[in-house]
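Chemist: Handing you this structure, nothing more for now.
The values are calculated or read from the model by the stated rules, or taken from the named source; none is laboratory data. On a predicted model such as this, the values are computed, not experimentally measured, just so you know. Neighbour counts run over all protein chains shown; Cβ positions are idealised from the backbone, glycine included. For accessibility, only protein heavy atoms count, side chains too; no ligands or nucleic acids. Shrake-Rupley method; radii C 1.70, N 1.55, O 1.52, S 1.80 Å.
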Amino acid sequence: MNSKVKLKEVYEVQTQYKAFYTGGTVAWTPDGQQFLCLNNGTISIVSVDNQQEPATLGEVQTDEEINEDVIYTFAIAATGNSVVSAHRSGLLKLWDREARQQLKMWKAIHQGPIATLVFSPDDSLVASGGSDTTIRVWDPSRQLCLGTLRGCTGVVNLIVFHPDAESKTVVAAGDDERIHAWNYETRERTKTFAGHFSRVTGVSFSTDRRFLVSSGRDKILILWNYETQEAIKTIPVYEALETVTVLPAGVTVGGCKLSSDNGVYAACGGEEGIIKVWEMTEAKIVYKQSNSLVTRATEEGGLSITHLIYSNTLGQMAIVSADHNLLVHDCASFECVRQLAGFSDEILDIVLLGKNDRYLAMATNSNDFKIYDTTTMNCQLVKGHTDIVLSLSANQRYLVSSSKDNSIRLWQFDEEQFTIKCLAVGLKHTSAVGSVAISGSSAPFCASVSQDRCLKTWKIPKRFEQGTDTEELPRLQCNLTQLAHEKDINCVCIAPNDRLLATGSQDKTAKLWDVSDLSVVGVLRGHRRGIWAVRFSPVDQILLTNAADCSIKLWSLTDMSCLKTLEGHDSSVLRVEFISGGMQLLSAGADGLLKLWSIKSSECLETMDKHESRIWALCVTRDESTFFSGGSDSQLIKWHDVTDAKREQAMNARKEVLLQEQELNNLLSEKKLLKALRLSLNLDRPLSTLKIVNEVIKSQETGLEETIRKLSNDHKETLLRHAIEWNTNSKNARPAQLVLHTLLQEVLAGRFQVSELNKHLEASLPYTERHFKRLTEYMKDLKFVEYSLRCMQPHASRTE
């Protein structure tokens, strides 16, 4: 079987999945097809339907260039064509969204960073709120400041234009509890709304413009009469609110149609992570979300929902969470139709699901893990655990997850519906469950290890009772428990035949266990640091261990001896996987390097350097053509096997060289020397080029200088290197000096630009001086011979 396995030689990056939202401003295009997100000082444009490769507004910049001019905030026009951004340099830039090009740029006069930007309803004006307590109104077409509005306290973080452009009114709030309104033409403050007791976080106008709804961190919603500035209703909501938006009457939300009578319906979100729709005039909740995918804030006053964007054209609502997730809900049913994960933080584990490994489950620094469709990178958030998910494992039927909440959960994934359901939960551990493994289909069980130093096996029943959503989940039955190691256990792995278990621990040992009774089969000692992972060979009776001592060891399961030690990483080896029928290894290190190993020769065949920090997770597809890696740099990278392509490319290059060599030989035999010269330079053959130049000199063929002049710049540079190489040998001094003379004339004439000219001249000067000295001595000797002959001539004639 192994003889048929194709060994891998080269993997290349196929796709690099990075963060596209790291917190801050989010905008939704009017057509609902794209989100614009603030991403580490740049603006990323991501498609709602396909998140494969988010685009960046403007030219692609290096990290240094981004840090020099970070984008603080931005705003999108109502038409969706224009975007204005505020930069660290104090500049405001206007962009064309579709072309992703900068149109205009002007200096903002704010003293300090700009906190918020907003377009007017007719897109003719832009208002900017700064940390200098002022609001400035701009005409972007003329890059002109139309006025400065003063009266706020602290940072101006909320600006709203009056929906009626003829009123020429802008409403804003700062760090105080008041909302102010100005006429931006006269620059006079016309209204002040005082009623909040903490910072105002949201303001929204009713559809008839008569009312204003505001939310704040003081856990209240206020309905204002816009004309009289009176608080008509003050509603305690018992949670700090971050956003509020007034919904148009007649819209259906969660199956409840909003009456078109004189009601004002406001949707709000805050620290509870739930959307609530209030009828403001009667102070009653019309709809309360029951299917929230947003995690509640862990502490009072913390963040959960940060933005709420309603799309009137689509009848959908986008929720932005503090975990950098973007969730699009259909208002009518309030079912989540799209989930976008903007930032994964630290990727702790990944595992492939589905028949063709189409789906990828990912555990990150979060209570929820994510499932991605790798074809479109559409995401599904999976809620259930109450603390960070640490490990995942899957077989053809089930997925098992373990968490810091001391539990494991068994899930069933529906590939067709792209949904996942929790079937059961296991609660017997007393500390964080660090690793979990599920058996193949032959024996339905799973194993888990924890910081409580226990190894447990769990029975997976054939059927699960279908309870209602309110009922408690069925409990997994713990079959066996064993106090396995002296220190924390980092990993567990089940053998391909489901008869053996292996565990690796911080106590520097790996242990083999019999699945039937959890008796110790063997103890493997030899590592100098804690063991991070263990893996069984898919074909041989071999166990692999990798540890913090930078080494990988292969152990025999028959006599527990160490067969091989592979060393090459400069830091801890965190994960290793068998590939190529157990003949090769893929390893991931804490230095961000991936290595491909041949077990037979114990050599590292390739080192892949794309990650910037520790690589915790590694998973390989069944056909081994692709593998995924993820780590603490929040990058998920898809690698593709290009061994066959590289071999074919090398073979084609070899064929091309052979054809050119044959053509060169044909030209030389036909004495077409000057044509052969160009081909020899193309092949980069110094000896062939020397022979051609010598032949030209010997046959006194004209046109060598002209041929050199007609060469391309790359060919001239190749010829210069060849000439410098010939110049090192006195036998080849003449052709070398002839070529150097012609090329230097080309340099002086400006027809030949050579890189590192000084280096080339320094290499050739010592030999040229030696040749000149030798020729000078020859000339002296020749003159002496001539003189001797002249002196001998009179005596010769006299003798005759």
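Chemist: About the Cα centre, and with charges only on the beta carbon of Lys, Arg (+1) and Asp, Glu (-1), how big is the dipole of the chain? Nearest 20 debye, please. Intermediate values should be presented prior to the final figure.
Modeler: Working: 88 positive and 99 negative charges, 466 e Å.
Dipole of the chain, to the nearest 20 debye: 2240 debye.
Chemist: Name the long-range amide H neighbours of residue 220: under 5 Å, sequence gap of 5 or more, or other chain; modelled H, no Pro or chain starts.
Modeler: 237, 241
Chemist: Once the mean 1/r over all distinct Cα pairs of the chain is inverted, what Kirkwood radius in angstroms do you read off?
Modeler: Result for the chain, one decimal place: 32.4 Å.
Chemist: Over region 14-161, give the accessible area per residue in Å² for a 1.4 Å probe, as an integer. Mind showing how you got there, number by number?
Modeler: Details: 6300 Å² over 148 residues.
Solvent-accessible surface per residue comes out at 43 Å².
Chemist: Take 619, 562 and sort them by solvent-accessible surface of the protein heavy atoms, 1.4 Å probe, largest at the top.
Modeler: On the way: 619 15, 562 60 Å².
These residues rank, largest area first, as 562, 619.
Chemist: Order the peptides 101-107, 27-33 from the highest to the lowest mean number of other Cβ atoms within 10 Å of their residues.
Modeler: Values: 101-107: 13.4, 27-33: 17.9.
Packing proxy ranking, top to bottom: 27-33, 101-107.
Chemist: Could you rank the peptides 501-511, 681-691 by their average count of other C-beta atoms within 10 Å per residue, with the highest value first?
Modeler: Numbers: 501-511: 23.5, 681-691: 17.9.
The packing order, highest mean first, is 501-511, 681-691.
Chemist: Set Lys and Arg Cβ to +1 and Asp and Glu Cβ to -1, take the dipole of the chain about its Cα centre, and tell me which of 434, 554, 41 lies farthest positive.
Modeler: 554
Chemist: Rank by packing, highest mean first: peptides 783-793, 419-429, with packing defined as the count of other Cβ atoms within 10 Å averaged across residues. Present the calculation step by step, with values, prior to reporting the outcome.
Modeler: Details: 783-793: 9.5, 419-429: 18.1.
My ranking of the peptides, most packed first, is 419-429, 783-793.
Chemist: Determine the per residue accessible area of region 687-787 with all protein chains present and a 1.4 angstrom probe, expressed in square angstrom.
Modeler: Numbers: 6560 Å² over 101 residues.
Using a 1.4 Å probe on heavy atoms only, each residue of region 687-787 averages 65 Å².
Chemist: May I ask you to give the percent of accessible area on the chain that is carbon plus sulfur, with a probe radius of 1.4 Å?
Modeler: Values: 17740 of 38000 Å².
Accessible surface attributable to carbon and sulfur in the chain totals 47 percent.
Chemist: From the residues 569, 57, 13, which one has its Cα farthest along the dipole of the chain in the positive direction, the dipole being from +1 and -1 charges on Cβ of Lys/Arg and Asp/Glu about the Cα centre?
Modeler: So the residue furthest toward the plus end is 569.
Chemist: Treating only the Cβ of Lys, Arg, Asp and Glu as charged (+1, +1, -1, -1), what charge dipole size does region 493-649 show about its Cα centre? Round to the nearest 20 debye. Could the numbers behind the result be given before it?
Modeler: On the way: 18 positive and 21 negative charges, 62 e Å.
It works out to roughly 300 debye.
Chemist: Quick query: amide H of residue 116 versus all other amide H atoms, modeled in the peptide plane; which residues come in under 5 Å with a sequence gap of 5 or more or a different chain?
Modeler: 129
Chemist: With N set to the number of residues, divide the alpha-carbon radius of gyration of region 277-398 by 2.2 N^0.38 Å and report two decimals. Can you show the working numbers first?
Modeler: Numbers: Rg = 16.4 Å, N = 122, 2.2 N^0.38 = 13.7 Å.
This ratio for region 277-398 stands at 1.20.
Chemist: Need one word for region 687-787: rounded, prolate or oblate. Basis is the Cα gyration tensor (sqrt eigenvalues a ≥ b ≥ c); a/c below 1.5 gives rounded, then a/b vs b/c decides. Display every interim value, and only then the final one.
Modeler: Values: a/c = 2.11, a/b = 1.52, b/c = 1.38.
It is prolate, given that a/c is not under 1.5 and a/b is the larger ratio.
Chemist: A further question on this structure: How many angstrom separate the Cα center of region 159-181 from the Cα center of region 348-393?
Modeler: 43 Å
Chemist: Could you point to the residue in 776, 755, 733 farthest towards the positive end of region 687-787's charge dipole, with +1 and -1 charges on the Cβ of Lys/Arg and Asp/Glu respectively?
Modeler: After comparing all options, I get 776.
Chemist: Determine the distance separating the Cα centre of region 473-494 from the Cα centre of region 604-632; give it in Å without decimals.
Modeler: 27 Å
Chemist: Here's another thing I want to ask about it. About its Cα centre, how strong a charge dipole does region 458-554 have in debye, to the nearest 20, once Lys and Arg get +1 and Asp and Glu get -1 at the Cβ?
Modeler: Working: 13 positive and 12 negative charges, 96 e Å.
In debye, rounded to 20, region 458-554 gives about 460.
Chemist: Still on this structure: Using only helices, what value at 222 nm comes out for the chain when you add -39,500 (n - 2.57) per DSSP H run of length 4 or more and divide by the total residues, to the nearest 500 deg cm²/dmol? The partial results should precede the final answer.
Modeler: Working: 8 runs with 139 residues, N = 800.
Mean residue ellipticity at 222 nm (helix-derived): -6000 deg cm²/dmol.
Chemist: While we're looking at this one, here's another question. Hey, what do the phi angles of region 7-17 turn into as Karplus ³J(HN,Hα) couplings, whole Hz, using 6.51/-1.76/1.60 and θ = phi - 60°, x for Gly and Pro?
Modeler: Coupling constants for region 7-17: 6, 8, 10, 9, 10, 10, 5, 8, 8, 10, 9 Hz.
Chemist: Under 5 Å between amide hydrogens, which residues at least 5 positions from residue 273 or on another chain qualify, with H placed 1.01 Å from N in the peptide plane?
Modeler: Those lying under 5 Å, H to H, from residue 273 are 297, 305.
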